[in-house]
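Encoded as structure tokens, the structure appears first; notes follow it.
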């Protein structure tokens, strides 16, 4: 087997692991990875503004607001104006939101971060360099991304399993709340 095949197989395994985790999270908690991260960020601080959440999870404030709209619609969070500054709006978990995150699987990136942090510094640098080079070789170096291991649009309304339907033995995308699925799913 050619060496480039080894790299492509490793990349496919990463994509597949991310896809399987997304499906598991959807099945067990009815959440997407970004939704879970936002719920967990709020849980740590009891209440956060949209800007604080955006900084905490490395997503845009507009994306956070869209996700919070969906979480609020499901009764998992509430938003309230600050008592001392009415211009500030705080997100808080409901009891249902707290219960849901306690039973949800650990985010995939937390497992990765724990294992990556255990590596020697030189090993971490080597991995970063190699992965950045791969992103560049795939013309993905310019794409905006957050440190969330997930597939599909980051602010999609439904968990992954609700966004794809089988068509003649392969997966085809159906319109999601964001109107798009990742290139990975369009290629299947």
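Observations
- Taken together, 123, 106 contain a single residue that is out of contact with any helix residue (DSSP H, G or I) (no Cβ under 7 Å at 6 or more places or on another chain), assigned to a loop (DSSP other than H, G, I, E, B) and surrounded by fewer than 19 Cβ atoms within 10 Å (Cβ to Cβ), which is 106.
- Scanning the range 131-150 for residues that are over 26 Å from residue 38 (Cα atoms) and either at pLDDT 95 or above or loosely packed, with under 10 Cβ neighbours inside 10 Å (or both) yields a count of 1.
- Residues of the range 38-47 that are surrounded by fewer than 21 Cβ atoms within 10 Å (Cβ to Cβ) and either in contact with a strand residue (DSSP E or B) (Cβ under 6 Å, 6 or more places away or on another chain) or farther than 20 Å from residue 103 by Cα (or both): 43, 47.
- Residue ranges of helices (runs of 4 or more DSSP H) in the range 1-72 with at least 1 members over 20 Å from residue 110 (Cβ atoms): 3-29, 50-57
- The residues listed here are 161, 153; of these, the one that is in a helix (DSSP H, G or I), at pLDDT below 65 and under 18 Å from the mean Cα position of the chain (by Cα) is 161.
- Where a residue in the range 1-22 is touching a residue at least 40 places away in the same chain (Cβ under 8 Å) and its partner, wherever it lies, is in a helix (DSSP H, G or I) and surrounded by 11 or more Cβ atoms within 10 Å (Cβ to Cβ), with Cβ under 6 Å and at least six apart: 15/184; 21/108; 22/160
- Number of the exception - residue 35 against (1) buried (at least 21 other Cβ atoms within 10 Å of the Cβ); (2) touching a residue at least 60 places away in the same chain (Cβ under 8 Å): (2)
- Residues of the range 74-100 satisfying the condition of being surrounded by 13 or more Cβ atoms within 10 Å (Cβ to Cβ) and either over 22 Å from the mean Cα position of the chain (by Cα) or at pLDDT below 90 (or both): 88, 89
The values are calculated or read from the model by the stated rules, or taken from the named source; none is laboratory data. Keep in mind that this is a model prediction, so the values were computed, not measured. All Cβ positions, even for glycine, are placed from backbone atoms using ideal geometry, and neighbour counts span all protein chains on display.
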